[in-house]
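Engineer: Let me give you the structure first, and then I'll get to my questions.
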Amino acid sequence: MSNPQQAMVVLASEQVWPNIHGLVHWQTHEGGLSDLCIYHTKDPLRSIQPAKRLEEFVQQVYPGIQVHLPSEPLGIMPHDVRNQVRLWQHQLPGRRWIINATGGLKPMFAGAIACCDLPDTEVVYRELSGDWYRWVPSPEGPRPEPFSIDIAETDSIPIEALVKVQYNRPPDARWEVKPVRRLPILRLVQEGLKRNWNWPSMFQACGLPTNESDGHLFEEFVGACLLELGIQQVCKNIILQGPERQCLQEIDIAANNRGQLLVIDCKLRTKEEEGSRVENLTSQIRQAYTTCRELGGIGARLLLLRPGRIFSVEELELAEALRLQVLDNLQTMDFFRKLAKFCGFQDPLPPQLQDAQALLDQARSNGVQEAFSSTRWSGSLSSETPLESILPLGSDLEKLTQDLHQDWIAYQIDQIIWIRGKNSQKLRGLELQRYLNRLFSRIAGVRVDSWWLSNNETTYHLALRLAKSKVVKELKQFLANFIGKSLLTSDSSSHSTAIP
């Protein structure tokens, strides 16, 4: 006897990933689906439009599944949901039923789990974490039982289909996407270090077309890195065009990986190049947050990639409050590690990315402080002005510390204070990092970032981000206590911070 056909019921809501995840699993791993019934209420933005977009998604990705929508909006109470499920079961006899209780309002959820006692019916639910549960009848009422579905089952879904199903676009607008291609990443990094990150020159040296802007070439590079990480679906220049071909929405890079839409807001320009033509960085952060939510819901993740910019502490705190991640100029020497971490990958990196990161590590050991963009203050610093508290100083650490009778120097560039010093207490990496974090955390508005310890652990280098310019005065007063002394006090090896 052949297996019965299977039908699925979903509750339409703004969060479509749980419905897509369940749809993909039962279609590809549980015998397939013959029908999808989409329950929606009268709410146009949170229910009707998501239901119609989900219908279009199924027609595009799984044309063999028959989609059923109610003839008119339905109620939100538990009995409304149960009654509609029973009606669909009467209209589509002989099927095994899967009710996905994820989404919708709490009364609708209650109505969905109340269906677990119906014949040939299984009720399932997905948490935001990606964990799945079956609701089974019991004398005390329905109870959840965990079961496993691989979150990577949705990895093959095209970016265009995911964007269409999530984003509430005007009816006469359409999406255009461009695929990314594989690139010789290691060779490009080698050329970038030699050519001061001149992107057309780098691409030309590798025999690649250079008929795009620096920013678009950098986007190609980032997209190729995602492919190298093993992500199947990656696109760039994702544009929503209106009827007059005007741009209504634009996403630099998007990737589908392990049940999440990864969005990278990628800008190569420096603060000086933006000038007054571009909205300030705070506005860019807020816009990126809105775009991320509209494209992928609360499960989407966004990276603000700005090699030519340094975020202030306030800007970092805003991004963190909105659950956005940042990779700015101070972190570019760890680019491949940071990018892999954002995408959810752990060490070790794939071979080509590992070799490219090793090149950056070596460059940093030789004094290079940034990658992928050449800001106006890149290169060696030079000044013959003696240190009073914090002044631009030369890069000869040995000579400067001898002249000053101390084992550290400091210099300021914009709202960043750079500290270079000798590891006089011979602390190991994590010990030194914790000590320096505690030392400077005593000053409000100062944040330790982009710290580095030399290969032989004899010298260290760190950047202090300042929330506001007035913090410089407080930091100068604090560092004045260490003039002629060491920043690493004699008891630093025991993790206690002695502040003069």
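The values are calculated or read from the model by the stated rules, or taken from the named source; none is laboratory data. Since the structure is predicted, the reported quantities are computational estimates derived from the model, not experimental observations. Ideal geometry is used to build each Cβ from the backbone, glycine not excepted, and the neighbour counts take in all protein chains shown. These accessible areas exclude ligands, DNA and RNA; they are computed on the full protein's heavy atoms, side chains included. Shrake-Rupley method; radii C 1.70, N 1.55, O 1.52, S 1.80 Å.
Engineer: State, to one decimal in nm², a quarter of the convex hull surface area for the C-alpha atoms of the stretch 69-115, i.e. the direction-averaged projected area. Walk me through the numbers before you get to the answer.
Structural biologist: Numbers: hull surface 13.0 nm².
That works out to 3.3 nm².
Engineer: From the protein chains alone at 1.4 Å, what is the descending order of accessible area for Phe57, Phe345, largest first? All intermediate terms of the calculation are to be shown ahead of the outcome.
Structural biologist: Details: Phe57 5, Phe345 65 Å².
In descending accessible area the options line up as Phe345, Phe57.
Engineer: Under 23 Å Cα-Cα from Lys164, which lysines qualify once same-chain neighbours fewer than 8 residues away are excluded?
Structural biologist: Lys42, Lys52, Lys178, Lys236
Engineer: R0 = 51 Å: FRET efficiency of Gln346 with Glu56, Cβ-based, nearest 0.05?
Structural biologist: 0.90
Engineer: List, in order, the whole-Hz ³J(HN,Hα) value for each residue of the stretch 9-25 obtained from phi through the Karplus relation with A = 6.51, B = -1.76, C = 1.60 and θ = phi - 60°; use x for Gly and Pro.
Structural biologist: The phi angles translate into 10, 10, 9, 5, 7, 5, 8, 9, 4, x, 5, 5, 4, x, 4, 4, 5 Hz.
Engineer: Which three extents, in angstrom, do the Cα atoms of the chain have along their principal axes, listed largest first?
Structural biologist: Dimensions of the chain along the principal axes of its Cα atoms: 90, 57, 43 Å.
Engineer: Right, another one. Search the structure for amide H atoms under 5 Å from the amide H of Ile98, placed 1.01 Å from N in the peptide plane, and list their residues when 5 or more places away or on another chain.
Structural biologist: Result for Ile98 returns Ala7, Met8, Val9, Glu122.
Engineer: Another question about this same structure. Starting from 0.36 nm per residue, how many nanometres of slack lie between Arg323 and Asn366 once their C-alpha separation is accounted for?
Structural biologist: Taking Arg323 through Asn366 to full extension adds about 12.0 nm, to one decimal.
Engineer: Quick check on packing: order 473-483, 347-357 by the mean number of other C-beta atoms within 10 Å, highest mean leading.
Structural biologist: In descending order of packing, they fall as 347-357, 473-483.
Engineer: Enter the Cα centre distance for the pair the stretch 147-207 and the stretch 279-320, rounded to the nearest angstrom.
Structural biologist: If we compute the Cα centre of each part, the gap is 19 Å.
Engineer: How much of Trp451 can a 1.4 Å solvent probe reach, expressed as accessible area in Å² and rounded to 10?
Structural biologist: The value for Trp451 is about 60 Å².
Engineer: Rounded to the nearest 10 Å², what accessible area does Arg286 show when all protein chains are kept and the probe is 1.4 Å?
Structural biologist: Rounded to the nearest 10, that gives 130 Å².
Engineer: Here's something else I'd like to know. On a 0 to 90° scale, report how tilted helix 351-365 is relative to the longest principal axis of the chain, with both axes built from alpha carbons and the result rounded to the nearest 10.
Structural biologist: 30
Engineer: Turning to a different aspect of this structure: Over the chain, what is the relative contact order in percent, taking alpha-carbon pairs closer than 8 angstrom and at least six residues apart?
Structural biologist: It rounds to 9 percent for the chain.
Engineer: If I take R0 = 41 Å and measure r between the Cβ atoms of Leu359 and Ala480 in this structure, what FRET efficiency does the formula 1/(1 + (r/R0)^6) give, to the nearest 0.05?
Structural biologist: That gives a FRET efficiency of 0.60.
Engineer: Please arrange Arg169, Arg181, Arg442, Arg323 by accessible surface area, largest first, computed with a 1.4 Å probe and ligands excluded.
Structural biologist: Per-residue accessible area, sorted high to low, gives Arg323, Arg442, Arg181, Arg169.
Engineer: When ligands, DNA and RNA are left out and all protein chains stay put, how many square angstrom of accessible area per residue does the chain have with a 1.4 Å probe?
Structural biologist: I get 47 Å² per residue for this part.
Engineer: Starting from the alpha-carbon convex hull of the stretch 93-137, give the projected area averaged over all orientations, in nm².
Structural biologist: For the Cα atoms of the stretch 93-137, the hull's average projected area reads 3.4 nm².
Engineer: Taking H as built 1.01 Å from N, whose amide H comes closer than 5 Å to the amide H of Ile149, not counting residues under 5 places away?
Structural biologist: Excluding prolines and chain starts, which carry no amide H, the hits are Trp132.
Engineer: Now for a different question. To the nearest 10 degrees, how steep is helix 214-228 against the longest Cα principal axis of the chain, on a 0 to 90 scale?
Structural biologist: Roughly 60 degrees, rounded to the nearest 10.
Engineer: Leaving ligands and nucleic acids out of the surface, order Ile113, Ile185 by accessible area at 1.4 Å, largest first. The partial results should precede the final answer.
Structural biologist: Numbers: Ile113 25, Ile185 0 Å².
The residues order as Ile113, Ile185, largest area first.
Engineer: Hey, another quick one. Mind pulling the angle between the C-alpha long axis of helix 429-441 and the longest principal axis of the chain? Nearest 10 degrees, somewhere in 0 to 90.
Structural biologist: Helix 429-441 sits at roughly 90 degrees to that axis.
Engineer: Next question. What does the convex hull of the Cα atoms come to per residue for the stretch 10-168, in Å³?
Structural biologist: In the stretch 10-168, the Cα convex hull volume per residue is 111 Å³.
Engineer: Applying 1/(1 + (r/R0)^6) with R0 = 22 Å to the Cβ-Cβ distance of Glu212 and Ile239, what FRET efficiency is obtained, to the nearest 0.05?
Structural biologist: Details: r = 15 Å, r/R0 = 0.68.
The value I calculate is 0.90.
Engineer: Please give, to one decimal in nm, the separation of the simple spin-label points placed at Arg134 and Val177, each 7 Å out from Cα toward the Cβ.
Structural biologist: 3.3
Engineer: Which percent of the accessible area of the chain is formed by carbon and sulfur heavy atoms (probe 1.4 angstrom)?
Structural biologist: Its accessible area is 48 percent carbon and sulfur atoms.
Engineer: Please list, or write none, the lysines whose alpha carbon is within less than 23 Å of the alpha carbon of Lys426, excluding same-chain residues fewer than 8 places away.
Structural biologist: Candidates past the 8-residue exclusion: Lys399, Lys485.
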